[in-house]
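A short write-up of the structure that comes next.
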Amino acid sequence: MSSIALITGATSGFGKALAIKFATNRYNLIITGRRADRLQEVKNTLTSTYGIEVIALCFDVRSRKAAFEAIEQLPAAWKAVDVLINNAGLALGRDYFDEASIDDWENMIDTNLKGLLYVTKALIPNMIERRKGHIINIGSTAGKEVYEKGNTYCATKHAVNAISQAMRIDLLRHKIKVTAVHPGAADTEFSTVRFKGDEEQARKVYEGYEPLTAGDVADVVYYTATLPPHVCINDLVLTCTAQANSMYLYKEQ
Ligand code: NDP
Ligand code: 8X3
């Protein structure tokens, strides 16, 4: 059987582009997301265009029970995941700390941090048994620096940065690779979600410069999965050329 990659949050943005990239390279895929219609569409495209095998798991990563049940019900052969990409995530709101919504905070913490932990913990026994596997966590430049009105989103991505380092140390003895990839601004549905459907506000985020595309990020992430067993990219930051980090973005006037 071909190698298997499991990609969380494959209904749009990086996750969908990653699914296409890995499918192009003959991986069989397990894709996840909450939007069943989108998930089915992505699955249909992957199977019809690339001829690979795909399992779609529709669940909310915030639910510990749903995450464990979804992975538990995979056929035995499909539990042997070679590459796990913890990509599902979101920002909600861009507000001063004192004005931000606690519901938004909880949603981001539950998705970006707890979701990543649940999915990884559910899958890892098989990687340990096989002494083989690669976990790729999608962080952010927001996990490297903190910016104004980024408070809890930045905190969740700093946590992804920290847990990636911790996993790498603790999983050395099982020969499991852990890579954290931290993209800067990329034009996906991210800002539409962050601004709760306000397309104009979302569009403004990407005005005056050329941001990363989901395809750019997928190419770089895929590269990290192509290296020999003894080589691991531990931590990788990528931004568009107009951006140095979370704070410095050069916009044409
Ligand atoms: P998108 O909004 O385009 O995609 C987010 C994906 O995450 C969707 O497939 C969505 O699926 C899934 N998702 C969100 N919440 C949940 C949940 N509770 N349970 C299951 N799936 C969920 O954004 P991006 O592709 O840009 O974001 C992907 C990752 O990259 C996120 O972790 C984000 O923080 C990070 N990132 C994004 C950057 C950017 O500028 N775009 C830069 C740096 C990092 P569904 O709604 O169907 O559940
Ligand atoms: C997404 C990039 O700069 O909006 O993680 O935080 S940013």
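The values are calculated or read from the model by the stated rules, or taken from the named source; none is laboratory data. Computed from a predicted structure; not experimentally measured. All Cβ positions, glycine included, derive from the backbone under ideal geometry; neighbour counts span all protein chains shown.
For segment 91-106, how many residues meet the condition of being aromatic (Phe, Trp, Tyr) and crowded, with 17+ Cβ neighbours inside 10 Å?
Restricting attention to segment 91-106, the residues satisfying the condition of being aromatic (Phe, Trp, Tyr) are 96-97, 105.
After this cut, where a residue has to be crowded, with 17+ Cβ neighbours inside 10 Å as well, the list is 105.
So the answer is 1.
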- Query: Quick one: in segment 198-220, which of the residues that are of a type in the set (D, E, K, R) and in a helix (DSSP H, G or I) is nearest to ligand 1 (Cβ to nearest atom)?
  - Reply: Asp216
- Consider Asn126 carefully, then state whether it is farther than 24 Å from Ser246 by Cβ and more than 10 Å from ligand 2 (Cβ to nearest atom). yes
- Message: Go through segment 214-232 and report how many residues are surrounded by fewer than 18 Cβ atoms within 10 Å (Cβ to Cβ), under 16 Å from Gly139 (Cα atoms) and in contact with a Ser or Thr (Cβ under 8 Å, 6 or more places away or on another chain).
- Response: 0
- Per the filter on segment 120-175, residues charged (D, E, K, R) and on the phi < 0 side of the Ramachandran plot are Lys121, Glu129, Arg130, Lys132, Lys144, Glu145, Glu148, Lys157, Arg168, Asp170, Arg173
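For residues that are farther than 18 Å from Leu236 by Cβ and crowded, with 21+ Cβ neighbours inside 10 Å, tally how many sit in segment 124-149.
Pass one, segment 124-149, residues farther than 18 Å from Leu236 by Cβ: 124-133, 146-149.
Keeping just the survivors that are crowded, with 21+ Cβ neighbours inside 10 Å gives 127, 133.
Adding up the residues that qualify gives 2.
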- Out of Asn161, Asn112, sole residue that is near ligand 2 (Cβ under 10 Å from one of its atoms), within 30 Å of Ala80 (Cβ to Cβ) and out of contact with any Pro (no Cβ under 8 Å at 6 or more places or on another chain): Asn112
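Is it true that some residue in segment 156-178 is modelled with pLDDT of 95 or more, among the charged types (D, E, K, R) and in contact with a helix residue (DSSP H, G or I) (Cβ under 6 Å, 6 or more places away or on another chain)? Break it down into steps so the answer makes sense when it comes.
Taking segment 156-178 first, the residues modelled with pLDDT of 95 or more are 156-178.
Then drop every residue that is not among the charged types (D, E, K, R), which leaves 157, 168, 170, 173, 175, 177.
Narrowing the set further to residues that are in contact with a helix residue (DSSP H, G or I) (Cβ under 6 Å, 6 or more places away or on another chain) leaves 157.
So far as segment 156-178 goes, yes, one or more of its residues are modelled with pLDDT of 95 or more, among the charged types (D, E, K, R) and in contact with a helix residue (DSSP H, G or I) (Cβ under 6 Å, 6 or more places away or on another chain).
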- Message: I want to confirm something. Restricting to segment 1-53 and keeping residues that are within 18 Å of Val83 (Cβ to Cβ) and hydroxyl-bearing (Ser, Thr, Tyr), which single residue is modelled with the lowest pLDDT?
- Response: Ser2
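Would you mind finding the one in Lys114, Lys157, Lys204 that is in contact with a Gly (Cβ under 8 Å, 6 or more places away or on another chain) and of a type in the set (D, E, K, R)? Show your work before the answer.
Numbers: Lys114 fails: in contact with a Gly (Cβ under 8 Å, 6 or more places away or on another chain); Lys204 fails: in contact with a Gly (Cβ under 8 Å, 6 or more places away or on another chain).
Among Lys114, Lys157, Lys204, only Lys157 is in contact with a Gly (Cβ under 8 Å, 6 or more places away or on another chain) and of a type in the set (D, E, K, R).
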- Query: For segment 92-197, which helices (runs of 4 or more DSSP H) that fit wholly inside it have 1 or more residues that are touching an Asp or Glu at 6+ places or on another chain (Cβ under 9 Å) and closer than 16 Å to Gly15 by Cβ?
  - Reply: 190-194
- Please work out which residue is nearest to ligand 2 (Cβ to nearest atom), limiting yourself to segment 171-204 and to residues that are surrounded by 18 or more Cβ atoms within 10 Å (Cβ to Cβ) and of a type in the set (A, V, I, L, M). Ala185
